[in-house]
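Here the structure is laid out as C-alpha cells; the discussion comes afterwards.
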Amino acid sequence: MDNRIKRVKYKVNRRQGNVGDSPGMIVIPEDALQPHIAIFSYNKDDLITSEGKNIHVILDQFQKCDKRVKWTHWIKINGLGDAGLIEEIGTHLNINPLVLEDIANTHQRPKFDEYDDYAFSTSRIVHFNKESELVNNQFSAIIKDNLIISFEEDYEEYFEAVKARLKAGKGAIRTAGPGYMCYALTDTIIDTYFLLLAQIGDKLDSIEDKVYESADKSIMFNSQQIKRTLIIIRRASWPERDKINDMIRSESPLITPEVKLFLRDAYDHCIQAMDLIENYKEVTSSIIDLYLSMVSNRMNEIMKVLTIISVIFIPLTFIAGIYGMNFARQDDKGHTIPDNMPELYWRHGYVYALVFMFVIAIFQVYVFWKKGWFNKL
C-alpha cells in the first residue's frame, strides 16, 4: 500500500432545488449520471440477471421469472440522472413522493423509515477514489414485499462481494428475503469504513514516523486533512448506528427476526468503526500538538543560542562603544585634558583592549558552560 500522503480533495454534496419548493419535488443535479440498471432475480435454486437503462428491462425481467416459484428481486440502479425513471418506479410501486425526493436529493443522512407496505433506507458510502479524492456518496434502498431497489450516485462497484455471494448461492442471502439483502448491503458499506480507516491508520503511522525523523510543516497540513476526513466519516457512521438500531427495533415484517440477529452484528461493527474514528482523531490531534511543541522547542533553542551570543557581545560592544567616543585629548590651545581617555595614548592600548575583551568573552562562556546553557544546542 502506498503510504505517501497526497493532497485530499473533497467532493461536497450540496442540497438541490430552491427555497420554498413543493415537498416531493424531484430535482436532479446537473452532473448526475444517466442510470444503469442491473437486476438480480433469485431464489434458493436459480439466479437470473439482466442489465439495461430504462424501466422496461425491469418489467421484462419480471416476465422471465416463473410465477409458480417465489422470487426475490434486487434492482440495482447506478446513476440518478433520469427523473422520469424515479417517478415511474414510484408510480408502479406506489411510493410516497417524499421518498422519491430523498432519493434524488443526495444530501440525506443515514436513516430507516417505515411505511405501510414498504421501508426506505439510506446510507453514506465514503471512500477514496483513484485520484485520492474523498467521495461521500448516498446509497438509498426501497424494500417492499419480495423486492429491494437500491440507488447509487455513480458507476463504482461497491457490492462486488454481495454479488459474488448471490451467485454462489451459499448462506441465507438467497432465502432470507429483501430485508436480509438490505442488511448485506448495509454491512458492506460499514466494511468500507474499516478499509478507509485502515488507509488512514497507515497514513498516520507514516506521519508519526516523519515527525521523529524529519519534521516539516507538511505534517500539520496532512494531519489536518486526515482530521477532516475523520470528521466526514464520523458524520456518516454515527447516524448509521442509529439507523441500524431503528431496523433492529422495527416491527415491519420485512425485517424478520433472523435478519435482526445479523443486524446486531452490523451494529457492533458500526460501534467499532466509531471507536476507531475517535481514536484516530485523538492520534491526529496529538501529532499536531507534538509538531507544534517541537516547533516551539526548536524556536526556543534558536532563541537560546541568539541570547547567548547577544549576552557575550553586549559587554564587548559596551567597551568598544566607550573607546569609540571622540573626546579630544587636548583643547584648542594645546593644553592636555587629563580626564579625557588617557588610554588612547598608551603605547599598547589597542592590544590591551582586545585582550581584555577576549578575557571577558572567555569568562562568560565558562560561566554559561558551568550553568549548562550549552547542553543539547
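The values are calculated or read from the model by the stated rules, or taken from the named source; none is laboratory data. In this text, all values refer to a predicted model and were calculated from it rather than measured experimentally. Here the Cβ positions follow ideal geometry from the backbone for every residue, glycine too, while neighbour counts run over all protein chains shown.
Restricting segment 148-173 to residues that are in a helix (DSSP H, G or I) and not aliphatic (A, V, I, L, M), the residue that is nearest to the chain's Cα centre (by Cα) is E160. Taken together, D209, D242, D202, D246 contain a single residue that is without any contact (Cβ under 8 Å) to a residue 40 or more places away in the chain and either among the aromatic types (F, W, Y) or out of contact with any Cys (no Cβ under 9 Å at 6 or more places or on another chain) (or both), which is D209. Of all residues in segment 85-107, those that are more than 20 Å from I58 (Cβ to Cβ) and either modelled with pLDDT under 90 or hydroxyl-bearing (S, T, Y) (or both) total 3. Check whether at least one residue in segment 245-252 is part of a helix (DSSP H, G or I) and among the hydrophobic types (A, V, I, L, M, F, W, C), and report yes or no. Yes, segment 245-252 has at least one match. Restricting to segment 119-134, and then to whatever is in a strand (DSSP E or B) and farther than 26 Å from N245 by Cβ, can you tell me which residue is modelled with the lowest pLDDT? This residue is E133. K144 fulfils the conditions (1) more than 25 Å from Y193 (Cα to Cα); (2) touching an Asp or Glu at 6+ places or on another chain (Cβ under 8 Å); (3) free of Cβ contacts under 8 Å to residues at least 60 places away in the same chain except for a single criterion, (3).
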